[in-house]
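Report on the structure given below.
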Amino acid sequence: MTALEASGRNADPVVEQSTAGSRPPTPATDHPRRANVRKWAEIALFVGPALALFLTFVVYPVISAARYSMYKWNGVSQFSDAEFIGFENYARALFGGTSPDTKQAFTTAYTQPFWEALSHNFAIIFLSLAIQLPLALIVALTLNRKFRGRAFTRVVIFAPYVLSEVIAGTMWLIIFDPNGVATQWMRAIGLDMPAGGWFEDPTWGFWTVFFIITWKYVGLAIILFLAGLSGVSEDLQEAASIDGASWWQIQWRINIPLIGPTIRIWAFLSIIGSIQLFDMVWVLNRGGTAGQYSTIASYMMEIGFFRSDWGYGSAIAVIMFFLSFVIALAYMATILRRDNAHPGKAR
Amino acid sequence: MATTQTHDAPAREPGNVESHRRKGLVPEGSTYLAIGIALVGIALTLGPILYLILGGFRTQGDLASNPTGLPDPIQWQNYWDILSGSLFWHQLLNSTLVAVATTAAVVLFGTMAAYPLARYSFKGRELIFVVFTTGLMFPLTVAVLPLYLLLRDLHISGLWGLVIPQIAFALPVTIIILRPFLAALPKELEEASFMDGISRIGFFWRMLLPLARPAMVTVGVLAFIGSWNAYLLPLLLLTGDPSGMTLPLGVTTFQGQHSAATTMIMAYTSLAMLPALAFFLLMERRIVDGLTGAVKG
């Protein structure tokens, strides 16, 4: 590596390096080898703490999760006593396990709640793209002009994103209480709350939660889109306007395509966030009394931690990681690829 | 719809509209549409929050009989009870300590790591960077069960049990944001400093840290919010005494213990929300910049 040579083996004092073109600047030293050792010591000193923390508290637990997922273990007894069962935990979650004797029971106990939780994650992904995206686009496009109170509006619309899930969730729990204000309002206009309650209703519970999720997260999309729109040249819009393009035509033909990269990145974050969604769902009665809006993460915590099935919970965690990993890679390879191919346009 | 309203526009602020029109930006009527949408957005966002704060001033009976109107009578008892007790203050202190410690360590270690990754050249540099970026793929939810066991085995408990993993999980995004920022600082800085006989470590402390301040504030704000709102780790680690909890977990615990006293829960939740809102109002620009920067970078 030329850089190594530059800083290490080159005996010339670095003072002269201003003439040396591409070589990175190096402190003046009296001895080349000592300088090299010193450089690596510095690198270790600088990178060491971060790398050690990261490997110990992020990488190691993730690898451990993969290991635990092969065992039947309650997390309390010694791990060395745990029974190795290979991919049985995965089999239980995905299709009721490999043993025909227990298949029936395991399908009810493991497979159904797993797929139900997973279907909620995918429903949230789909609805985010089908509802939150157009909503955020319309709001961002209409707010993308000068008017009195614009700064205030932006701050307010973005505020829920910064509030903690716990506070937002608790707030909505109170509003959607069976005797709460939402119910009273519905009654005032001659309707009623969903038959089983805002959260407990098998059909509407999920929609209540999706509404709350939208309230909490749509502000991020709006702010990101507005930031993207502020980078769109006004000349283009002006030219189109002079040529007689209507407001909608300008949005469709100019603004939306030009903030395409921002939209695609937001969609990426939204998809990954939807797969890993936990806090909000957990605050709202742990994914619902009958799991009517459980997610894989809430299911993992419920069964892994609170029902002490650590091996199985770890298998769910690995499936969740695998899902987000595959989706992330696929998304980057197909949709984000063209944005990165022209970095100049990725604004 | 936007075009049909064009003729109404001059009625409002003639000067402003004229300048807009000369620029030929868009049909002016849609400004009303923007204001309309802004008002709806503000109402939908602030409405529930105000309802929560006002609810803290209600009596339980008032909430049941008149949930829509203003509190009548206004009673300060809920807020007073919470603020005169010690529980809320303990939890506020815990949240603050954890967030400050996490933020300080993330910013320090993150900048330290990003410095050689941005400005040294050495074998394995890209590999180390890639290792950190994979961290974005490992959310806390995936690692949390083994992490809990690891902390138990290492006898790390209480608030440290939150701080240390939070640092580790916040490092990847910190390094990813800081690295290009540090790399963009001019090379001549080092040349000049080294000519003056300053070592690399001296350069880091005396030159780089002051110059990297804006980027450090951005990543610091993100780390602070992440820590302040954290719920999953406290849920697993801070079981037991409520005065040892952080605010988010404290709110859910309080809610569980006072399930009949809704207005009390509303007061507690409102109080827990205020520090975050104040911080957000102070740092709004930084937060937005940080998030858009993180998304673009």
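The values are calculated or read from the model by the stated rules, or taken from the named source; none is laboratory data. Predicted model only: the values in this text are computed from it and were never measured. Backbone-built Cβ (ideal geometry, glycine too); neighbour counts: all protein chains shown.
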Filter segment B:179-188 down to residues that are out of contact with any Leu (no Cβ under 9 Å at 6 or more places or on another chain) and assigned to a helix (DSSP H, G or I) and give me whichever is nearest to residue B:133 (Cα to Cα).
B:180
Residues that are within 19 Å of residue B:289 (Cα to Cα), outside any helix (DSSP H, G or I) and either at pLDDT 85 or above or among the acidic types (Asp, Glu) (or both): does segment A:202-219 have at least one?
no
Could you look through segment B:192-207, keep only residues that are at the interface with chain A (Cβ under 7 Å from one of its Cβ atoms) and surrounded by 19 or more Cβ atoms within 10 Å (Cβ to Cβ), and pick out the one that is farthest from residue B:117 (Cα to Cα)?
B:194
Cross-chain or 6+ apart pairs with Cβ under 6 Å, segment A:255-281 first and at the interface with another protein chain (Cβ under 9 Å from one of its Cβ atoms) and more than 24 Å from residue B:233 (Cβ to Cβ), then surrounded by fewer than 21 Cβ atoms within 10 Å (Cβ to Cβ) and acidic (Asp, Glu)
A:261/A:339
Qualifying residues in segment B:239-265 (those that are farther than 17 Å from residue A:278 by Cβ and hydrophobic (A, V, I, L, M, F, W, C)) - the one modelled with the lowest pLDDT
B:260
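Considering B:172, B:234, B:165, B:146, which residue is surrounded by 21 or more Cβ atoms within 10 Å (Cβ to Cβ), farther than 25 Å from residue B:130 by Cα, at the interface with chain A (Cβ under 10 Å from one of its Cβ atoms) and not charged (D, E, K, R)?
On the way: B:172 fails: farther than 25 Å from residue B:130 by Cα; B:165 fails: farther than 25 Å from residue B:130 by Cα; B:146 fails: farther than 25 Å from residue B:130 by Cα.
After ruling out the rest, the residue left standing is B:234.
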Within segment A:331-344, identify whether any single residue is in contact with an Asp or Glu (Cβ under 7 Å, 6 or more places away or on another chain), away from chain B (no Cβ under 11 Å), surrounded by fewer than 17 Cβ atoms within 10 Å (Cβ to Cβ) and touching a residue at least 24 places away in the same chain (Cβ under 8 Å), and answer yes or no.
no
Of the numbered conditions (1) within 20 Å of the chain's Cα centre (by Cα); (2) not in a loop (DSSP other than H, G, I, E, B), residue A:294 satisfies every one except a single condition; which is it?
(2)
With (1) more than 21 Å from residue A:315 (Cβ to Cβ); (2) crowded, with 18+ Cβ neighbours inside 10 Å; (3) within 23 Å of the chain's Cα centre (by Cα) as the list, and residue A:142 as the residue in question, which single condition is left unmet?
(3)
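Scanning for something of a type in the set (S, T, N, Q), within 22 Å of residue A:149 (Cβ to Cβ) and modelled with pLDDT of 80 or more, does segment B:15-30 turn up at least one residue?
Taking segment B:15-30 as the starting set, the residues that turn out to be of a type in the set (S, T, N, Q) are B:16, B:19, B:30.
Within this subset, residues satisfying the condition of being within 22 Å of residue A:149 (Cβ to Cβ) are B:16, B:19, B:30.
When the remaining residues are screened for being modelled with pLDDT of 80 or more, the result is none.
No - not one qualifying residue is present in segment B:15-30.
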Could you name every one of the helices (runs of 4 or more DSSP H) located completely within segment A:113-196 that has at least 3 residues being touching a residue at least 24 places away in the same chain (Cβ under 8 Å)?
A:133-143, A:150-162, A:165-175
